[in-house]
Amino acid sequence: MPMRNLHTEILVIGGGVTGVGVAWDAALRGFDVILVERRDLAHGTSGRFHGLLHSGGRYVVKDPVSARECIHENRILRHTHAPCIEDTGGFFVVTPEDAQSDYPDRFVQACAQTGVPCEEIPPAQALREEPRLNPAISRVFRVPDASIDGFQLVHLTAQAAREAGARIFTYHSVQDLVLTQDGGGPRVVAARVHDTVGDETLLIHADLIINAAGAWSGRIAGMAGCQVEIVPGKGIMMATAHRLVNTVINRCKWPSDGDILVPAHTVSIIGTTDTPVADPEDLRIEAWEVAKMMEEGEKLIPGFRHARILRAWAGVRPLYKAKEAASDRDISRQFALLNHRTRDGVAGLITITGGKLTTFRLMAEKTVDLAAQELGPRRACATASTPVAPSQKDLYWLGHRLREVEDHHLQHELICECELVTRGMLEQAVRNNPTVTLDDLRRDVRLGMGPCQGGFCTYRAVGVIHELQTGEGLVPDTENAPWQVDRLTSPGQTPSSPTSFPRQAHTTSPLYNPNLLLRDFLQERWKGVIPILWGQQLKQEQLDRLIYLTLLNADHLPDPHLKSPLTDFYHATASLATPSSDPD
Amino acid sequence: MPSDLLIIGAGLAGLMAGIHAAQQGLRPRIIATGFGATHWTAGTIDVLGYLPGDPEPVHHPFQAVPQLLAQRPQHPYGLVGVPALRRALQHFQELTTTLGLPYGGGRNPHTNFLLPSPLGAPRPTFLAPVAQRAGDMTREEPYLIVGFRGMRDFYPTLMAENLTRQGHEARAIFLPLDLITPQQDNTPLHLARALDREAVAMRLAQALKSHIQPGERVGLPAILGLERHQQVWGLMQEILAAPIFEIPTLPPSVPGIRLTRALRRHLERDLQVPVDLGMTVMDFHAQAARVQWVRTRASARPLKHRAQAFLLATGGFLGGGFTSDTRGRAWETVFHLPLTIPQDRGQWFRPDFLAAEGHPIFRGGLRADAEMRPVDTTGRVVYENVRLAGDLFTDSDPLAERSLEGVALATAWVAVHGLKFA
Ligand SMILES: Cc1cc2nc3c(=O)[nH]c(=O)nc-3n(C[C@H](O)[C@H](O)[C@H](O)COP(=O)(O)OP(=O)(O)OC[C@H]3O[C@@H](n4cnc5c(N)ncnc54)[C@H](O)[C@@H]3O)c2cc1C
């Protein structure tokens, strides 16, 4: 089969926050950019993180460089990415267990040194603001932490990158890098990329390839013969069925497991852990990790142990092990920016890895600065002063979506009642964002993320998609341009620039089979509830089984063997630590 | 006045137990937190649709019971025996006919038949409300599946496509929802209530008429009336001169609610059996292996209920009859009867949601003797005057087996008919 060839100046590998940040920055500076992501945008760590826009408070004692970077970026992102950020503020609280330590005093001092704003408030005041907090806390410090939506962050940044001219291909996996020997030595000149939906291999030629594959970046570098040692560090998080707090709550102690509770939309998220794993795909959750979260949560919020938990998930940190002195080292110790030309003698390849979601813009800036050194200067970095959604200047607030839905009845019936997803949003998302699995739609519109975990909306969403496919959609296609789902704006708020970039919809693919979509999403939701099924949520699961087994008979649908690019992934990651073998 | 039999649970098992007890001349009373799973199901009577691990539907449920017992020796069908199961089913069919909500089976009265699910998958069931019967997938007539634009709980093109993929002739059409109601975001229950009005039902029938081709059978979501269902369905058949069948929808399930209402009305009006909801048992008292009373939490104050015998029909994990905690402990909520479940939480679930053999936790439950008395692991009766009915038994997973209603009817029948009072 003849291979399709594409040409670009910069090829970015990885559609997490780092990759889309690099694509956005580079496109704004005038580079010709292609980004490839093996699955959906934010399918990696950027869609499995804790949701905290760090003030830097967590790092002031342990890692002041990080702390400075965080507060710097925190201030910038509130302007550039306002609609993804909820200004919850944050508390650092001293629980009885930590009362004897000198950490709180060191914390105050370190905040002053790193420039992280910190105000001590009386515990009584903190308890008035957050009545569920442990009443035995002895000291409370207020910092400018915030809650940030990683899905929206990645989507908005990607959208801004597209509008600046970048081309973004999801479900395109880099299989191999192509090297040539020019005068000075080896040079990476192209990537062989597999389109997993169209089942086609393309060759993307680039003057420079930027490896932003997160925990997988060691593998990408290895394709060019460069050794980049990444130790994937797995962390788990759990969402409660209610928003237990409206402020980010941190334990004021040396950072450790299960010591942060972040309000996110209608839930709160407790996390996290840090366990080295051999494979970044190993996202299984261990029973002890779940127990640990419940136990630690109890110290912050008495009664947490009895809270209804909706779901547990894991993400992997890309922990970079620096090669002794050999590299031209990272700009900061906090992320690794590697120029493989100077480090390994392999030209045409840069790796950017590590860091935090909070500092992605800074990482992208430094990366594209280096790219500009390699490729020749362009316009200066503009990301710090360019809002990604110019029409949406306000920060997110909790009632945002309800207001949108109530104000604009054009959006048709509610498909997901838990998360207030209307049929209009769903249809627009499917038309505008590549949707290979319903999980992709979840990242776009939060489908299935509420208490029933897809019980009602999975069937409905499959029905809606099928109707779209057969030309029975309810929202006329022409409404698309002024109403972009990933911005969650409504018809009343027309964004300034109409969408002009080509859509990458997959609705004609043979994989686009309603029965497959349904089975995949049921399995995807299942893997995240297994670790936390007890009490109310176990009962909920029985209702979901009643719906999908006895009512819909979804286990006896046509095409049972059809697979999507993610079917195996959903099955592999779905088990408790103890392999679930049948006792009888 | 204390009742003879206090029934805890108002699902199909509890309500039927109340009817049997009253028909036996006892004075039963039903208390429950709320209505059971019948409000969520298809409203059919599923007896045994699949054997564990076997993807093929069961054709002859009674003949398949020995195979089931070979894999699940303590299954309630083994405790009650096939004859009692059949008697209970026959009684149910006679009862619902006299209540004006008749049920019927497929063309062969001894076998399952296949009704299309809202996804178009074949549901093996034994008895269905007569308004669902024309969906029978062993019949040849082409399907016309009718949906409503703006109804979020039913997708006709998807159903028709899956029927087509399985070799049936099927097509879908949409009608405007404002034929039925001007409102948005309706549940199936709202729509069924609206169709109780004859003018609305007429309007729907008139609008549908021109779409039907000769020889077609017409499937509609199960919204054809709530209180006047039988008349609405009759009217549609008459005007449209075609077989009309209902397709169950996402919960709340109108066919299940119709059944619950018919049974409750029969209990309260015809049999003078009180059915009190909003009562959750908090604790109980037993003496010499006999339960003396249970105490309920109610809005005003706790109440003590004494009875000669108690029938537990609280419906397992789904009904709230069992619960569990973070540490993987699970227990029966009313009498703290010993639950047989995998001890290690790591063994509760299989990695595949749709695994044909089901998840071990969901076939955990209580052990009972042939009179439906709870027994412990040694086979000793725990409480002499307690009986079990419905989805409570170990070695059975009624949702996976598609036996939820069969188990409820058979165990309620046996539990009550074996009661002897001094
Ligand atoms: C448990 C946990 C909690 C965290 N909490 C926070 C927090 O609260 N606040 C914060 O600021 N930071 C947090 N972080 C850190 C932050 O989430 C990460 O630093 C950030 O998301 C990394 O983004 P990335 O784009 O580098 O990696 P990723 O998001 O993982 O993106 C890499 C992408 O590369 C793709 N890819 C891999 N191989 C290929 C291939 N061959 N071809 C094409 N594409 C490929 C992957 O599919 C993936 O989408 C947390 C991290 C963890 C693990």
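The values are calculated or read from the model by the stated rules, or taken from the named source; none is laboratory data. Since the structure is predicted, the reported quantities are computational estimates derived from the model, not experimental observations. Methodologically, a virtual Cβ is constructed for each residue, glycine included, from the backbone with ideal geometry; neighbour enumeration extends over all protein chains shown.
Looking across segment B:176-190 at every residue that is closer than 17 Å to B:R203 by Cα and of a type in the set (V, I, T), the one that is nearest to the other protein chains (Cβ to nearest Cβ) is identified as B:T181. Looking at A:R378, A:R343, just one residue is farther than 20 Å from A:I230 by Cβ and either assigned to a helix (DSSP H, G or I) or at pLDDT 90 or above (or both), and that residue is A:R378. If you check B:E384, B:E332, B:E371, B:E357 for being over 22 Å from B:R27 (Cα atoms), among the acidic types (D, E), modelled with pLDDT of 95 or more and in the same structural domain as B:L26 (by TED's automatic domain parsing), only one passes: B:E332. Residues being in a helix (DSSP H, G or I) and within 11 Å of the ligand (Cβ to nearest atom) are represented in segment A:353-360 by at least one member. Screening A:D520 against (1) modelled with pLDDT under 95; (2) more than 10 Å from chain B (Cβ to nearest Cβ) leaves a single unmet condition, (1).
Can you find a residue that is at positive phi and in the same structural domain as B:G320 (by TED's automatic domain parsing) anywhere in segment B:65-76? No, every residue in segment B:65-76 fails to be at positive phi and in the same structural domain as B:G320 (by TED's automatic domain parsing). Out of segment A:133-185, which residues are hydrophobic (A, V, I, L, M, F, W, C), part of a loop (DSSP other than H, G, I, E, B) and farther than 29 Å from A:T383 by Cβ? Within segment A:133-185, A:L133, A:A136, A:I137 meet the criteria. Scanning segment A:1-11 for residues that are closer than 13 Å to A:G165 by Cβ and within 11 Å of the ligand (Cβ to nearest atom) yields a count of 0. Of the residues that sit in segment A:59-72 and are closer than 19 Å to A:S256 by Cβ and not aromatic (F, W, Y), which one is nearest to the ligand (Cβ to nearest atom)? So the residue we want is A:C70. What residue, among those in segment A:193-206 that are closer than 22 Å to A:D344 by Cβ and crowded, with 19+ Cβ neighbours inside 10 Å, is farthest from the ligand (Cβ to nearest atom)? This residue is A:A206. State all residues of segment B:395-419 that are of a type outside the set (F, W, Y), outside any loop (DSSP other than H, G, I, E, B) and more than 14 Å from chain A (Cβ to nearest Cβ); if no residue qualifies, say none. Scanning segment B:395-419 gives B:L409, B:A410, B:T411, B:A412, B:V414, B:A415, B:V416, B:H417. Could you check how many residues of segment A:21-46 are more than 7 Å from the ligand (Cβ to nearest atom) and assigned to a helix (DSSP H, G or I)? Result for segment A:21-46: 8. Of the set (1) within 14 Å of another protein chain (Cβ to nearest Cβ); (2) exposed (fewer than 15 other Cβ atoms within 10 Å of the Cβ), all apply to B:P274 but (1). Pull up segment B:111-136, narrow it to residues that are assigned to a loop (DSSP other than H, G, I, E, B) and among the polar types (S, T, N, Q), then point me to the one that is nearest to the other protein chains (Cβ to nearest Cβ). Among them, the one singled out is B:S117.
Here is a yes/no grid of residues against (1) within 14 Å of another protein chain (Cβ to nearest Cβ); (2) touching a residue at least 40 places away in the same chain (Cβ under 8 Å):
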{"site": "B:P109", "(1), (2)": "no, no"}
{"site": "B:T138", "(1), (2)": "no, no"}
{"site": "B:R149", "(1), (2)": "yes, no"}
{"site": "B:Y155", "(1), (2)": "yes, no"}
{"site": "B:N162", "(1), (2)": "yes, yes"}
{"site": "B:F174", "(1), (2)": "yes, no"}
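Only residues that are surrounded by fewer than 22 Cβ atoms within 10 Å (Cβ to Cβ) and either among the aliphatic types (A, V, I, L, M) or within 11 Å of the ligand (Cβ to nearest atom) (or both) were counted in segment A:292-304, giving 2. In segment B:316-354, the residue that is nearest to B:L366 (Cα to Cα) out of those that are facing another protein chain (nearest Cβ under 9 Å) and among the small types (G, A, S) is B:G316. Among the numbered conditions (1) surrounded by fewer than 23 Cβ atoms within 10 Å (Cβ to Cβ); (2) closer than 26 Å to A:L153 by Cβ; (3) of a type outside the set (V, I, T), the only one that A:E289 does not meet is (1). Please work out if B:L366 is under 23 Å from the mean Cα position of the chain (by Cα) and without any contact (Cβ under 8 Å) to a residue 12 or more places away in the chain. No; evaluated as a whole, the condition is false for this residue.
Residues are listed down the side, and each one gets a yes or a no for (1) surrounded by fewer than 20 Cβ atoms within 10 Å (Cβ to Cβ); (2) part of a loop (DSSP other than H, G, I, E, B); (3) within 14 Å of chain B (Cβ to nearest Cβ); (4) modelled with pLDDT of 85 or more:
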| site | (1), (2), (3), (4) |
| --- | --- |
| A:V405 | yes, no, yes, no |
| A:L410 | yes, no, yes, no |
| A:Q428 | no, no, no, no |
| A:R443 | no, no, no, yes |
| A:Y459 | no, no, yes, yes |
| A:E467 | no, no, yes, yes |
| A:P482 | yes, yes, no, no |
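Residues of segment A:50-58 include none that is in contact with a His (Cβ under 8 Å, 6 or more places away or on another chain), hydrophobic (A, V, I, L, M, F, W, C) and within 11 Å of the ligand (Cβ to nearest atom). Within segment B:244-263, the set of residues being of a type outside the set (A, V, I, L, M) and out of contact with any strand residue (DSSP E or B) (no Cβ under 7 Å at 6 or more places or on another chain) comprises B:P248, B:P251, B:P252, B:S253, B:G256, B:R258, B:R261. If you filter segment B:206-238 down to residues that are among the aliphatic types (A, V, I, L, M) and not in a helix (DSSP H, G or I), you find that the one that is farthest from the chain's Cα centre (by Cα) is B:I212.
The rows are residues; the columns are (1) within 14 Å of another protein chain (Cβ to nearest Cβ); (2) surrounded by fewer than 18 Cβ atoms within 10 Å (Cβ to Cβ); (3) more than 30 Å from A:Q100 (Cβ to Cβ); (4) within 16 Å of the ligand (Cβ to nearest atom).
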{"residue": "A:E120", "(1), (2), (3), (4)": "no, yes, no, no"}
{"residue": "A:P131", "(1), (2), (3), (4)": "no, yes, no, no"}
{"residue": "A:R142", "(1), (2), (3), (4)": "no, no, no, no"}
{"residue": "A:A161", "(1), (2), (3), (4)": "no, no, yes, yes"}
{"residue": "A:I168", "(1), (2), (3), (4)": "no, no, yes, yes"}
{"residue": "A:Q175", "(1), (2), (3), (4)": "no, yes, yes, yes"}
{"residue": "A:A191", "(1), (2), (3), (4)": "no, no, yes, yes"}
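Apart from one condition, B:P73 fits all of (1) within 14 Å of chain A (Cβ to nearest Cβ); (2) assigned to a loop (DSSP other than H, G, I, E, B); (3) free of Cβ contacts under 8 Å to residues at least 60 places away in the same chain; the exception is (3).
Among what's in segment B:239-259 and is in a helix (DSSP H, G or I) and surrounded by fewer than 20 Cβ atoms within 10 Å (Cβ to Cβ), pick the residue that is farthest from the other protein chains (Cβ to nearest Cβ). The qualifying residue farthest from the other protein chains (Cβ to nearest Cβ) is B:I239.
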